[in-house]
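The values are calculated or read from the model by the stated rules, or taken from the named source; none is laboratory data. No experiment lies behind these values; they were computed from the predicted model shown. Cβ placement follows ideal geometry from the backbone for every residue including glycine, while neighbour counts extend to all protein chains displayed.
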Amino acid sequence: MLLFVVFSFNGFAFTLSEKAVVSIITCSPGNEMYSVYGHSAIRVKDPALNYDVAFNYGIFDFSSPNFLYRFCAGQTDYLLGAYRFNDFLNEYRHDKRSVFEQEINLTAQEKQVVVDFLVWNAQPENRVYRYNFFFDNCATRVRDVIANNVNGGITYTDKASHKTLRTLIKDYHGKLLWLNFGIDFLVAADSDREATLEEEMFLPDYVMNHFATAKRNDNNKLIAQPVKVLYLAPEQKQGPTWIWGPLVVFSFLLLVVAYFTYKQFRNGELKPALDIILYGINGLGGLLLTWFTIYSEHPAMSPNYNLMWLVPASLLFVVVRLRKKWRPAVRYYHLVFAAWMIVFFASASFLPQKFHPVFFILAATFFIRALAHSLLIFKSLKAARK
């Protein structure tokens, strides 16, 4: 969906000829994180005027001030760029990403309205918009430019997929296991509701598929010509990625923690170093999620039930635990934390959010440590009563 360079466009209003064509362009997903969901654009071609331009709503300036912070906060400004279609097509050929075209059945007046709007929208003072991953991106903008400028509107005749927003994006993650893990970490309960037909068109493939069967309301004819292949990329084979995926990595971490915890438990003393690392990770993760939940403008970031197993208070526990004289004050935090993890495990299947399977492995890793401490506490309390 994204391109990392900003193009300038010195366009001006002009009158299309009778040979003008307006098309929706759909590009297949790429292998990079920013391209994994594909891309949509609008092509305006007029052979009589030697005009062939791609209008692309997926552009942002990576070098803009505080870009990373603004992206995390959901304050990223995207913009519409317009440039020669051959340059656009060659870029996707270079990246080995297939490109498809759907000519849109518009009247001459509608084509003129569309191109007038696009030329106006591509001007420097008009081209910037606030990006919203699910509801306002390169695909939804293309959908709306066409649908909103058809006299009488259009009707989508096929059915929605009945998938949730989370499932829709996970279909594209494939072998990008860490991306899949990260998305499930940040995207919250609101993404687990079923998307409407129009909402699922935040993905370029769904724009292409729904427009293929959509009809004009004024004459009940199809709004789009059959899909034409402009470039078909060769099939790319990928080696196994699961070896270094989160499932293997965190399963190994669980075994390591379980081994050292069991060994220390048998000796009757759990070393504080491992506690500080594990509770520190748990607390920092919870603090990060709390920030996204409260401050990020990205959709579907709140409420995030991953805060059931990532507890910000664990960070405070670590701070206190570092001071030896303060340790008795937080001794019973292990009991509280262990009990809270049990509540999470028991309630997870009833919560309105789907959890990545690896999250249960991570929760179990933290729980093992807290449980071992709890057992030692009960053991010492029992001995004190004798």
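Here are the numbers for the structure shown:
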{"read-out": "Candidate set from region 251-278 (those that are over 35 Å from the mean Cα position of the chain (by Cα) and of a type in the set (S, T, N, Q)); member that is surrounded by the fewest Cβ atoms within 10 Å (Cβ to Cβ)", "value": "N267"}
{"read-out": "Selection status of V207, assigned to a helix (DSSP H, G or I) and over 14 Å from the mean Cα position of the chain (by Cα)", "value": "yes"}
{"read-out": "Out of V150, V119, sole residue that is in contact with a helix residue (DSSP H, G or I) (Cβ under 7 Å, 6 or more places away or on another chain) and buried (at least 16 other Cβ atoms within 10 Å of the Cβ)", "value": "V150"}
{"read-out": "Only listed residue being modelled with pLDDT under 95 and touching a Cys at 6+ places or on another chain (Cβ under 7 Å), chosen from S302, S380, S296", "value": "S296"}
{"read-out": "Subset of region 115-150 [closer than 23 Å to G38 by Cα and in a helix (DSSP H, G or I)]", "value": "L118, N121, C138, A139, T140, R141, V142, R143, D144, V145, I146, A147"}
{"read-out": "Residue within region 320-340 that is loosely packed, with under 15 Cβ neighbours inside 10 Å and touching a residue at least 60 places away in the same chain (Cβ under 8 Å) present", "value": "no"}
{"read-out": "In region 355-379, the residues that are assigned to a helix (DSSP H, G or I) and farther than 22 Å from I276 by Cα", "value": "P357, K379"}
{"read-out": "Filtered residue count, region 165-182, keeping only those that are surrounded by fewer than 18 Cβ atoms within 10 Å (Cβ to Cβ) and either touching a strand residue (DSSP E or B) at 6+ places or on another chain (Cβ under 7 Å) or farther than 24 Å from S23 by Cβ (or both)", "value": "7"}
{"read-out": "Cross-chain or 6+ apart pairs with Cβ under 9 Å, region 187-201 first and at negative phi and in contact (Cβ under 8 Å) with a residue 40 or more places away in the chain, then assigned to a loop (DSSP other than H, G, I, E, B) and acidic (D, E)", "value": "L197/D158"}
{"read-out": "Answer from L168, L197 - the residue that is within 21 Å of S302 (Cβ to Cβ) and either outside any helix (DSSP H, G or I) or out of contact with any Pro (no Cβ under 7 Å at 6 or more places or on another chain) (or both)", "value": "L168"}
